[in-house]
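Novice: Got a structure here, written out as structure tokens. Questions coming.
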Amino acid sequence: LIIMNLKHLLMLPAAAALAAGCCSSGARSGSLPAEMPFEMPAVVQPAIPARSVSVADFGASGDAHTLATGAFAAAIDALAEQGGGRVVVPAGVWYTGPIVLKDNIELHLEQNSMIVFSDDKSLYPLVQITFEGLNTWRCQSPVSATHAKNIAITGFGVIDGNGDAWRAVKRGKLTAGQWNAKVRSGGIVSEDGNTWYPSESFRFGATSGSDQNVSTWARTREDFEKMKDFLRPVLVAFHHCENVLLEGVTFQNSPCWHIHPAMCTNLTVRNITVRCPDYAQNGDGIDIESCKNVVLTGSRFDVGDDGICIKSGKDKAGRDRGIPCENIYVNDCIVFHGHGGFVVGSEMSGGVKNVLVSDCTFSGTDVGLRFKSTRGRGGVVENIHIRNIAMNNILQDALLFDLFYGGKSASEAAEEGGEPTDMALRPADETTPAFRNIHIRDVWCRGARRAMYFNGLPEMNVEQVVVENAWMQARTGAQICESTDVVLRNVTVVPEKGAALILNNVKDFRAEDFSCPAGLKCALTVTGSRNRNVRVASEEIGAANACLSARAAAAVTIE
């Protein structure tokens, strides 16, 4: 009877419907600065019809324990039959299984509302999906939409993925008390005693052969079912969608990545918060993959992996898809804990181009600006513009371009060491990744392990990078390897020890008005056999405190 009455209500003209949706007056544009460094169209937001229903009207209870999966589905279906509208989640704690959005649907969380997803894994069947740049099977996401147009999640509440029930955790990331509590809760401890698995299904998936989080041997659905718990879902997965808005809501405690829009057009994300424990394995904030026309503004991230990440598919699968991530504007965001503040890669095989990042703060991340790839990926990252970035307490590199990424966080890689020098060239082909045409200016960093690290391939250098108006204080200086046509202009590097500027196999390099503390021994260090046309202009660096290898000396001019 309730549903019949609601259907009758929904048949009324829009003017008589309840509350208007997020964009009921029609499509409007996402906000872009007056001047962009590349051509970018206005980002269209979803147009949601002016209808509104409460999930409570469909039998749901915000009592924190009554399962509301059916009520969410019924509310969405009822609106979808009439062309869409807003599903309102009132104050309370709404316990549910997966929610699937459809065309022209807005999920709106009112003040003091919280959606908590059940830890009953049987509610999340395996589905075919894109994850880590590959087509694979994963558990259904708590919130998802596929091939949908005009969808939104808005409001003031919290969406909680109940991720602790899903994730394995390494002993070294927990306190002794936290570890003991995990062990007492059940699950399985690895033979070496260093990893806790939530179930045998997870342990089997993690140890039977995987490329990071994608199985290397499973082919059939039956194969994947054997490791179902290992195939943790992304909290919000919107794939092949058009006109998408996320606004105001807090997304937290995901089983894996938090927000994963893939192959979407016109994505607006503003004033959201994303958070999870710092030990959350693969707890990325937002992974924007092969999307076109994106505005991300005014948002906060405090996560267990990369904060804001741009991707476009992995290896041959990504190259064959051939959909770049392009026309991206990121502004006024803060990333606290995480492996990287703003990140590109490592799955970037379809290419990344036309990106502007401005007025962002990174505090306590492993890396500030992190660009990562490796041989075999292919893909080109180009036309990147970064402005006005403030960083503090960066555990590793303030600025990192790494074409030798090995699947580990920067902190884990630093512990292992082994930086390549004077490596042999390999033939370059479609599997060779490239970073080029990158412009960075007005950057401040206090406290990092290393100011900068450019780590190109011998056969494909990091190319055409300009860093201008930067001040960086770090334990060690700027290290630039296997790079071509790099300009440091009005850059100050203040190392606690060692050289301020370390170059290895660089070509057409210019440091203009480069500053460092006076009196540094070996302030400039140049090594390698493939240096060419290196010019350094600095009041603090001269012949007396430049340490040049015999093979590099002829290529260096100090002005």
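The values are calculated or read from the model by the stated rules, or taken from the named source; none is laboratory data. Given the structure is predicted, the values throughout are model-derived calculations rather than measurements. Backbone-built Cβ (ideal geometry, glycine too); neighbour counts: all protein chains shown.
Novice: For residues that are more than 23 Å from Val526 (Cβ to Cβ) and surrounded by 17 or more Cβ atoms within 10 Å (Cβ to Cβ), tally how many sit in region 448-481.
Specialist: 0
Novice: Please specify each residue of region 467-508 satisfying the condition of being under 15 Å from Ala451 (Cα atoms), of a type in the set (Gly, Ala, Ser) and assigned to a strand (DSSP E or B).
Specialist: Ala470, Ala474, Gly477, Ala478
Novice: If you take the residues in region 194-215 that are in contact with a Lys or Arg (Cβ under 9 Å, 6 or more places away or on another chain) and of a type in the set (Val, Ile, Thr), which one is farthest from Asp315 (Cα to Cα)?
Specialist: Thr195
Novice: So for region 371-390 (the condition being surrounded by 24 or more Cβ atoms within 10 Å (Cβ to Cβ), in contact with a Ser or Thr (Cβ under 8 Å, 6 or more places away or on another chain) and on the phi > 0 side of the Ramachandran plot), does at least one residue qualify? Steps first, answer last, please.
Specialist: Pass one, region 371-390, residues surrounded by 24 or more Cβ atoms within 10 Å (Cβ to Cβ): 371-373, 377, 379, 381, 384, 389.
Those still in the list that are in contact with a Ser or Thr (Cβ under 8 Å, 6 or more places away or on another chain) too: 372-373, 377, 379, 381, 389.
Imposing the further condition that a residue be on the phi > 0 side of the Ramachandran plot reduces the set to 379.
There is at least one residue in region 371-390 that is surrounded by 24 or more Cβ atoms within 10 Å (Cβ to Cβ), in contact with a Ser or Thr (Cβ under 8 Å, 6 or more places away or on another chain) and on the phi > 0 side of the Ramachandran plot.
So that you can scan it fast, the table gives a plain yes or no per residue for (1) buried (at least 24 other Cβ atoms within 10 Å of the Cβ); (2) small (Gly, Ala, Ser); (3) farther than 20 Å from Val249 by Cα:
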residue: Thr96; (1), (2), (3): no, no, no
residue: Lys102; (1), (2), (3): no, no, no
residue: Glu106; (1), (2), (3): yes, no, no
residue: Val127; (1), (2), (3): no, no, yes
residue: Ser144; (1), (2), (3): no, yes, no
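Novice: Within the set of pairs 6+ apart or on separate chains, which have a first residue in region 35-58 that is farther than 11 Å from Asn266 by Cα, a second that is of a type in the set (Val, Ile, Thr) and surrounded by fewer than 21 Cβ atoms within 10 Å (Cβ to Cβ), and C-beta atoms under 8 Å apart?
Specialist: Correct list of pairs: Asp57/Ile2; Phe58/Ile2; Phe58/Ile3.
Novice: Follow-up question, since we're still on this one. Out of all the residues in region 114-125, is one or more in contact (Cβ under 8 Å) with a residue 60 or more places away in the chain, under 27 Å from Glu347 (Cα atoms), touching a strand residue (DSSP E or B) at 6+ places or on another chain (Cβ under 7 Å) and surrounded by fewer than 22 Cβ atoms within 10 Å (Cβ to Cβ)?
Specialist: Looking for residues that are in contact (Cβ under 8 Å) with a residue 60 or more places away in the chain, under 27 Å from Glu347 (Cα atoms), touching a strand residue (DSSP E or B) at 6+ places or on another chain (Cβ under 7 Å) and surrounded by fewer than 22 Cβ atoms within 10 Å (Cβ to Cβ), one finds none in region 114-125, hence no.
Novice: Does Gly338 satisfy being in contact (Cβ under 8 Å) with a residue 40 or more places away in the chain, surrounded by 24 or more Cβ atoms within 10 Å (Cβ to Cβ), in contact with a helix residue (DSSP H, G or I) (Cβ under 7 Å, 6 or more places away or on another chain) and not aromatic (Phe, Trp, Tyr)?
Specialist: Numbers: in contact (Cβ under 8 Å) with a residue 40 or more places away in the chain: yes; surrounded by 24 or more Cβ atoms within 10 Å (Cβ to Cβ): yes; in contact with a helix residue (DSSP H, G or I) (Cβ under 7 Å, 6 or more places away or on another chain): no; not aromatic (Phe, Trp, Tyr): yes.
No; evaluated as a whole, the condition is false for this residue.
Novice: Which of the residues that make up region 194-234 are of a type in the set (S, T, N, Q), exposed (fewer than 15 other Cβ atoms within 10 Å of the Cβ) and in a helix (DSSP H, G or I)?
Specialist: We begin by selecting, within region 194-234, every residue of a type in the set (S, T, N, Q); these are 194-195, 199, 201, 207-208, 210, 212-213, 215-216, 220.
If we keep only those that are exposed (fewer than 15 other Cβ atoms within 10 Å of the Cβ) as well, we get 194, 207, 212, 216, 220.
Listed by number, the list holds a single entry, Thr207.
Novice: Output yes when any residue across region 404-412 is of a type in the set (A, V, I, L, M) and within 24 Å of Arg532 (Cβ to Cβ), and no when none is. Don't jump to the end; show me each part of the working.
Specialist: In the first step, residues of region 404-412 are kept if they are of a type in the set (A, V, I, L, M); the result is 410.
Filter once more, keeping what is within 24 Å of Arg532 (Cβ to Cβ): none.
Within region 404-412 (the criterion being of a type in the set (A, V, I, L, M) and within 24 Å of Arg532 (Cβ to Cβ)), the answer is no, since none of the residues qualifies.
Novice: Which count do you get for residues in region 509-530 that are part of a loop (DSSP other than H, G, I, E, B), modelled with pLDDT of 95 or more and either crowded, with 23+ Cβ neighbours inside 10 Å or of a type in the set (Ser, Thr, Tyr) (or both)?
Specialist: 3
Novice: Let me ask another. Checking Gln128 against (1) out of contact with any Pro (no Cβ under 9 Å at 6 or more places or on another chain); (2) touching a residue at least 12 places away in the same chain (Cβ under 8 Å), which single condition isn't satisfied?
Specialist: Evaluating Gln128 over (1) out of contact with any Pro (no Cβ under 9 Å at 6 or more places or on another chain); (2) touching a residue at least 12 places away in the same chain (Cβ under 8 Å) leaves (2) as the failure.
Novice: Also, I was wondering about something else. Among the numbered criteria (1) at pLDDT 95 or above; (2) more than 22 Å from Asp103 (Cα to Cα); (3) loosely packed, with under 14 Cβ neighbours inside 10 Å, which one does Ser61 miss?
Specialist: Status for Ser61: all satisfied but (3).
Novice: Mind listing whichever residues of region 341-368 are surrounded by fewer than 23 Cβ atoms within 10 Å (Cβ to Cβ) and either under 25 Å from Pro277 (Cβ atoms) or among the aliphatic types (A, V, I, L, M) (or both)? Break it down stepwise before answering.
Specialist: Keep residues of region 341-368 that are surrounded by fewer than 23 Cβ atoms within 10 Å (Cβ to Cβ), which gives 351, 353-354, 356, 358-359, 361, 363-364.
Correct list: Leu356, Thr361, Ser363, Gly364.
Novice: Still on this model: Looking at region 406-432 only, could you name the residues that are modelled with pLDDT of 95 or more and closer than 22 Å to Asn213 by Cα?
Specialist: If the condition is that a residue be modelled with pLDDT of 95 or more and closer than 22 Å to Asn213 by Cα, then Thr431 is the only one that fits.
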